[in-house]
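Chemist: Pasting in a structure now, in structure tokens, and then I'll have a few things to ask.
The values are calculated or read from the model by the stated rules, or taken from the named source; none is laboratory data. Because the structure is predicted, anything quoted here is derived from the model rather than measured. Neighbour counts run over all protein chains shown; Cβ positions are idealised from the backbone, glycine included. Just the protein is used for accessible areas: all its heavy atoms, side chains included, with ligands, DNA and RNA removed. Shrake-Rupley method; radii C 1.70, N 1.55, O 1.52, S 1.80 Å.
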Amino acid sequence: MTQLPLIDCHCHLERRQLAHGAGALRAMLDRCRQQQVQAMVVSVDCSAGRPEHDIDALGAIFDAHGVQLGVSLGFMPPTRSQDLASAPERQEAAVAVFRSLAGHPRVVGLGEVGLDYYWPVVALVNEGQLQALPSGDPPPPTAAWDLPDFQRYRGLQLRVFRRWIALAHELELPLVIHERLAHADTVELLAEGPLAASRVMFHCFGAGPQEAQAAAARGSIVSIPSSIVVRERYREVAAATPLEAMVIETDSPYHSPIVGLWKRARQAALDQVALQDVPKKRREQAVNQARDLNLNTALELDLPGLVFEGQRDGAPWRLTALEHLRSSKARYLNEPTFVRFAAREIAELQGLDLARVQGSLTRQARAFFGL
Ligand SMILES: [Zn+2]
């Protein structure tokens, strides 16, 4: 089987990974090197001022493990009432940080920044101003449009985002977009310029296949997350978008694909055992065995030989991916090696050779971020 190098175009590092001598980070980077995840673009949030991460120290750790680090400077859109008043001032502070760091050799992008109407809508639902969102992927919040409380968020977010678009152009950095329930406004703002559409990447592409095709036609990049393995909407987008317009990401540590793979493996196991003549007393055990086998097959397909290692109370531990991911806590953690799931899914959906898809995704990522 051909495993070519891949790049995780959008992820985050957690405090846990940076604490305690960065042991968890080092172990994760070892897994990346072993699974040929060559580089990652870490989004660093500057909504509260200078980044927590020391970019030079971080870069040295990455170098020591043979994984390339790119940093993208982000500012989450204001979505909570307590954010509203402080956002303009915090943005000014972040602009100064971005200007001072833009020339740093590790800094390869501006974002995630953008528009997020999801949380303001949720708040309005909780306050009883709006009806509950439909389950699944909700449509744009047209019902919220007439509400002054919603328009306050929207107006502020548009002002903040417009500034980021101009700054990305000024600093000559590609723009990494976070967008939730706000695709039309996002596209409209980007069309005002001055940033070229080819310098825009939509992280975790949030709209549908037609919008993805339109973005690709403008020359923008559509990023598909590893959670595609269990999210139908991403599958529709990945099937419809030209390969040359796509990159992949994990958005780790969020949105672990393992939880969904686990459920799928268990469902398949239930179906398998139902067809067998297993006594009732032994049924749960048989289901668990079949589930583990199914999950292990899925893991070995994309991440052959993946092991998790670490230290606890001074003693080393070492687990296979299956053993590790059996713990429900571990299952909810995503990581850059899981980007491999996205590449395979795209290859299958497009009916293309996996090696060709991997090559294209990596070339595209390198070209976009200049890695
Ligand atoms: Zn993110």
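Chemist: Criterion first (surrounded by fewer than 18 Cβ atoms within 10 Å (Cβ to Cβ) and either over 27 Å from the mean Cα position of the chain (by Cα) or at pLDDT 95 or above (or both)) does THR320 satisfy it?
Modeler: On the way: surrounded by fewer than 18 Cβ atoms within 10 Å (Cβ to Cβ): yes; either over 27 Å from the mean Cα position of the chain (by Cα) or at pLDDT 95 or above (or both): yes.
So THR320 passes the test.
Chemist: With within 16 Å of the ligand (Cβ to nearest atom), within 22 Å of the chain's Cα centre (by Cα) and surrounded by 13 or more Cβ atoms within 10 Å (Cβ to Cβ) as the only criterion, which of ILE55, ILE7 stands out?
Modeler: After ruling out the rest, the residue left standing is ILE7.
Chemist: Let me ask you something else. Within the stretch 10-23, track down each residue that is within 16 Å of the ligand (Cβ to nearest atom) and open to solvent by 60 Å² or more (accessible area, probe 1.4 Å).
Modeler: ARG15
Chemist: Right, something else. I'd like the residue in the stretch 182-214 that is among the polar types (S, T, N, Q) and in contact (Cβ under 8 Å) with a residue 24 or more places away in the chain and, out of all such residues, is nearest to ALA166 (Cα to Cα).
Modeler: Here the answer is THR186.
Chemist: Of the residues ALA215, ALA265, ALA239, which single one is in a helix (DSSP H, G or I), in the same structural domain as GLY114 (by TED's automatic domain parsing) and over 25 Å from HIS12 (Cα atoms)?
Modeler: Criteria check complete, one pass: ALA239.
Chemist: Can you tell me which residues in the stretch 86-131 are hydrophobic (A, V, I, L, M, F, W, C), farther than 13 Å from VAL160 by Cβ and more than 25 Å from the chain's Cα centre (by Cα)?
Modeler: Across the stretch 86-131, the qualifying residues are ALA96, LEU124, VAL125, LEU130.
Chemist: Can you report the number of residues in the stretch 58-82 which are of a type outside the set (S, T, N, Q), within 21 Å of CYS204 (Cβ to Cβ) and either touching a strand residue (DSSP E or B) at 6+ places or on another chain (Cβ under 8 Å) or open to solvent by less than 50 Å² (accessible area, probe 1.4 Å) (or both)?
Modeler: Total satisfying the criteria: 9.
Chemist: Anything in the stretch 133-184 that is in a loop (DSSP other than H, G, I, E, B), in contact with a strand residue (DSSP E or B) (Cβ under 9 Å, 6 or more places away or on another chain) and modelled with pLDDT under 95? List them, or say none.
Modeler: LEU181, ALA182
Chemist: If you don't mind, there's one more thing I want to ask. Take the residues in the stretch 24-47 that are open to solvent by 40 Å² or more (accessible area, probe 1.4 Å) and either away from the ligand (no atom under 16 Å from the Cβ) or without any contact (Cβ under 8 Å) to a residue 24 or more places away in the chain (or both); name whichever of them is nearest to ARG312 (Cα to Cα). It would help to see each step written out before you state the result.
Modeler: Just the residues of the stretch 24-47 that are open to solvent by 40 Å² or more (accessible area, probe 1.4 Å), to begin with: 26, 30, 33-34, 36, 38, 45.
Next, only the ones that are either away from the ligand (no atom under 16 Å from the Cβ) or without any contact (Cβ under 8 Å) to a residue 24 or more places away in the chain (or both) stay: 26, 30, 33-34, 36, 38.
Numbers: ARG26: 15, ASP30: 18, ARG33: 23, GLN34: 22, GLN36: 27, GLN38: 28 Å.
Among them, the one singled out is ARG26.
Chemist: Cβ contacts < 7 Å: first residue at pLDDT below 95, restricted to the stretch 49-75; second residue within 16 Å of the ligand (Cβ to nearest atom) and in a loop (DSSP other than H, G, I, E, B), any location; separation 6+ or different chain. Result?
Modeler: Pairs found: HIS53/LEU13.
Chemist: OK, next. Hey, among the residues in the stretch 312-342 that are of a type in the set (Ser, Thr, Tyr) and part of a loop (DSSP other than H, G, I, E, B), which one's nearest to ASP302 (Cα to Cα)?
Modeler: TYR332
Chemist: Looking only at the stretch 196-253, how many residues end up being under 24 Å from HIS169 (Cβ atoms) and either open to solvent by 10 Å² or more (accessible area, probe 1.4 Å) or not charged (D, E, K, R) (or both)?
Modeler: Qualifying residue count, the stretch 196-253: 28.
Chemist: Which of (1) away from the ligand (no atom under 16 Å from the Cβ); (2) surrounded by 20 or more Cβ atoms within 10 Å (Cβ to Cβ) does ALA85 not meet, given it meets every other one?
Modeler: (2)
Chemist: Among residues belonging to the stretch 167-188 that are open to solvent by 30 Å² or more (accessible area, probe 1.4 Å), in contact with a Gly (Cβ under 9 Å, 6 or more places away or on another chain) and farther than 10 Å from LEU115 by Cα, point out the one that is nearest to the ligand (Cβ to nearest atom).
Modeler: To start, the set of residues in the stretch 167-188 that are open to solvent by 30 Å² or more (accessible area, probe 1.4 Å) comprises 169-172, 180-181, 184, 187-188.
When the remaining residues are screened for being in contact with a Gly (Cβ under 9 Å, 6 or more places away or on another chain), the result is 169, 171, 180-181.
Those still in the list that are farther than 10 Å from LEU115 by Cα too: 169, 171.
Working: HIS169: 22, LEU171: 20 Å.
Looking at residues that are open to solvent by 30 Å² or more (accessible area, probe 1.4 Å), in contact with a Gly (Cβ under 9 Å, 6 or more places away or on another chain) and farther than 10 Å from LEU115 by Cα, I get LEU171.
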